[in-house]
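The values are calculated or read from the model by the stated rules, or taken from the named source; none is laboratory data. This structure is a prediction, so every number in the text was calculated from the model and none was measured. As a convention, Cβ positions derive from the backbone with ideal geometry for all residues, glycine included, and neighbour counts pool all protein chains shown.
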Amino acid sequence: MGVEVLGLRVAVLGGTGDQGRGLAWRFARAGVAVLVGSRSAERAATAAEELNGSLGEGVVTAVRGVANAEAAAEADVTIVAVPWEGHAATLRDLREELAGKIVVDCVNPLGFDGKGAYALPVEEGSAAQQAQALLPDSRVVAAFHHVSAVLLADPAVDRFELDVMVLGDDREATDTVQALAELIPGMRGVYAGRLRNAGQVEALTANLISVNRRYKAHAGVRVTDV
């Protein structure tokens, strides 16, 4: 795509959770400067230490663990990978730190019961739209919803055969996030529409969970003929 992203600093809020840790590890392996953010700076530092210990030989970047506000303030791009229950509260306090910056929301508002996973209604339409409402001065992009946390964390997996659907209203921001996705071997960033269409992409995760349970898999998405 011709977008240079290796010089960017990427923060992962919720970087102590499974998906956040996996994304942080993969980006660090690709040579990106990564900040792991958490409500607890101590927990973030512990997670960063563990990630650094597993990066392997030849990786010159190092992951830093700090509190969410510090991570958001230092980063050029911030990935939001917090649980849905804490989504609004986390972002509400970071409006100033994230002003003018790209914010990548990969949160899936899902519920679970005896029948499996299902999409939860969101007043704003989607988690990404809620993020944009809470961060009116930020450039919010929706992406990375369908990437298996299990595969991200598995060092034996060196390639991902999947597409990352990227949605947003700022062309430069979506191009940047597509290029970030393509730093991870096998991944392809595919523009999938405006932010108003993020709801169905988030909800599709419930269908993939059903696929995974039935077929004992870690299913992703491929977009054909693109």
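A few notes on this one:
- Cβ pairs under 9 Å, 6+ apart, first in the range 2-25 and in a loop (DSSP other than H, G, I, E, B), second of a type in the set (Ser, Thr, Tyr) and surrounded by fewer than 17 Cβ atoms within 10 Å (Cβ to Cβ): THR16/SER40; THR16/THR46
- Selected residue (only one of GLU172, GLU202, GLU182 is within 13 Å of the chain's Cα centre (by Cα) and at pLDDT 95 or above): GLU202
- Those residues of the range 204-226 which are among the hydroxyl-bearing types (Ser, Thr, Tyr) and without any contact (Cβ under 8 Å) to a residue 12 or more places away in the chain, in sequence order: TYR215, THR224
- Selection from the range 178-202 of residues that are under 25 Å from PHE27 (Cα atoms) and part of a helix (DSSP H, G or I): GLN178, ALA179, LEU180, ALA181, LEU195, ALA198, VAL201, GLU202
- Subset of the range 216-226 (residues that are under 15 Å from HIS146 (Cβ atoms) and not aliphatic (A, V, I, L, M)): HIS218, GLY220, ARG222
- Here VAL166 clears all of (1) in a strand (DSSP E or B); (2) surrounded by fewer than 19 Cβ atoms within 10 Å (Cβ to Cβ) except the condition numbered (2).
- Identity of the residue in the range 121-163, free of Cβ contacts under 8 Å to residues at least 40 places away in the same chain and over 18 Å from ARG194 (Cβ atoms), that ends up surrounded by the fewest Cβ atoms within 10 Å (Cβ to Cβ): ALA156
- Residue that is farthest from THR224 (Cα to Cα), among those in the range 173-188 that are in contact (Cβ under 8 Å) with a residue 60 or more places away in the chain and buried (at least 20 other Cβ atoms within 10 Å of the Cβ): ALA173
- Per this entry, ALA72 is counted among residues that are buried (at least 24 other Cβ atoms within 10 Å of the Cβ), among the hydrophobic types (A, V, I, L, M, F, W, C) and closer than 24 Å to ALA99 by Cα.
- All conditions in (1) in a helix (DSSP H, G or I); (2) within 11 Å of ALA142 (Cβ to Cβ) hold for ASP175, with the sole exception of (2).
- Selected residue [over 18 Å from the mean Cα position of the chain (by Cα) and of a type in the set (Val, Ile, Thr)] from VAL122, VAL80: VAL122
- If you check ALA133, ALA128 for being at pLDDT 95 or above, in contact with a strand residue (DSSP E or B) (Cβ under 7 Å, 6 or more places away or on another chain), outside any strand (DSSP E or B) and more than 17 Å from ASN207 (Cβ to Cβ), only one passes: ALA128.
- Of all residues making up the range 29-40, the number that are crowded, with 17+ Cβ neighbours inside 10 Å and more than 24 Å from VAL190 (Cβ to Cβ): 6
- Criterion violated by VAL201 - all others in (1) without any contact (Cβ under 8 Å) to a residue 12 or more places away in the chain; (2) within 21 Å of ALA142 (Cβ to Cβ) satisfied: (1)
- Any hit, the range 45-65, residues being modelled with pLDDT of 95 or more, of a type in the set (Ser, Thr, Tyr) and farther than 21 Å from ASP93 by Cα: yes
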